[in-house]
1. Residue 191 fails exactly one of the following numbered conditions: (1) under 21 Å from residue 94 (Cβ atoms); (2) at pLDDT below 95. What is the number of that condition?
2. Could you list, in sequence order, the residues of segment 196-219 that are within 13 Å of residue 109 (Cα to Cα) and charged (D, E, K, R)?
3. May I ask you to list the residues in segment 127-142 that are touching a Gly at 6+ places or on another chain (Cβ under 6 Å), farther than 22 Å from residue 12 by Cβ and either of a type in the set (A, V, I, L, M, F, W, C) or surrounded by fewer than 19 Cβ atoms within 10 Å (Cβ to Cβ) (or both)?
4. Scan segment 202-218 and tell me whether some residue there is exposed (fewer than 14 other Cβ atoms within 10 Å of the Cβ) and of a type in the set (Asp, Glu).
5. Within the bounds of segment 10-19, is there any residue that is under 20 Å from residue 172 (Cα atoms), surrounded by fewer than 16 Cβ atoms within 10 Å (Cβ to Cβ) and free of Cβ contacts under 8 Å to residues at least 12 places away in the same chain?
6. Going through segment 193-228 one residue at a time, which ones are part of a helix (DSSP H, G or I), touching a residue at least 24 places away in the same chain (Cβ under 8 Å) and over 22 Å from residue 22 (Cα atoms)?
7. Search segment 66-85 for residues being touching a Leu at 6+ places or on another chain (Cβ under 7 Å) and surrounded by 23 or more Cβ atoms within 10 Å (Cβ to Cβ), and hand back the single one that is nearest to residue 170 (Cα to Cα).
8. If I filter segment 166-190 down to residues being more than 14 Å from residue 51 (Cβ to Cβ) and within 17 Å of the chain's Cα centre (by Cα), which single residue comes out as surrounded by the fewest Cβ atoms within 10 Å (Cβ to Cβ)?
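The values are calculated or read from the model by the stated rules, or taken from the named source; none is laboratory data. In this text the structure is predicted, and so the values were computed from the model without any measurement. Positions of Cβ are generated from backbone atoms using ideal geometry, with glycine treated the same way; all protein chains shown enter the neighbour counts.
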Amino acid sequence: MRCDVVRFVAFEDLGVWEDELTAHGFAVRYLDVGIDDVGPAASADLAVVLGAPIDADDDARYPYLADVREVLATRAASGVPTIGICLGAQLMAMVLGGAVERGQRELGWSRLEPTAAAASTPWAPLASAPVLHWHADAIRLPQGATSLASTPATRHQAFVYGRQVGFQCHPEADPEAIERWLIGHTADLTAWGIDVHGLRAQAREWGDEAVAASIRSLRAWLDASGFA
């Protein structure tokens, strides 16, 4: 089985999910947006579209966003399992008929609040767990999608639409590799007045619980999706 991972930024990778996917028998292949042809991800057994610090509608500066949306649209039409994270979830919502709006900035670890619908899904453990947030936009759900979790600042932190799953947050993030994020995003962190020492402390405080819930949920979803 092949898992194609559409990646925008080198340090925003599969994180703690990569070993779990490999253990399920996937050959993981990264396709770097703007460098590689992302088209083959449309036919992979599983595809994951990761996050990036660019706006989902900024085609004028980043025209290859259209290529990623085409991959997501093809997969949605085919009904094959797909996961979108942060920007990936925003692009997924757009192709499904939803939208992306400017929202309230969230940055750091905090706990998700599950919806009633989350309890009947494989993502139930994650829907009440602490996760890393790193965004300033908000998803308007497409008609027919089900919201799984929220935070006070963001109404839809996770959603499902058939076999498509989107996360505005970062369940894949590895707390032990947070320094990559702190270095890679240093300009934004400085501009926003974010204390990097505080983010390190949150990673230590919440990391183990976040990783355990994330891997448990991913494993359950893979099994439910026929990848056992």
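1. (1)
2. Within segment 196-219, 200, 204, 205, 208, 209 meet the criteria.
3. Result: 140, 141.
4. yes
5. So far as segment 10-19 goes, yes, one or more of its residues are under 20 Å from residue 172 (Cα atoms), surrounded by fewer than 16 Cβ atoms within 10 Å (Cβ to Cβ) and free of Cβ contacts under 8 Å to residues at least 12 places away in the same chain.
6. Scanning segment 193-228 gives 198, 199, 202, 203, 204, 205, 206.
7. Step by step, filter segment 66-85, then rank; the result is 85.
8. Ranking the qualifying residues of segment 166-190, first place goes to 177.
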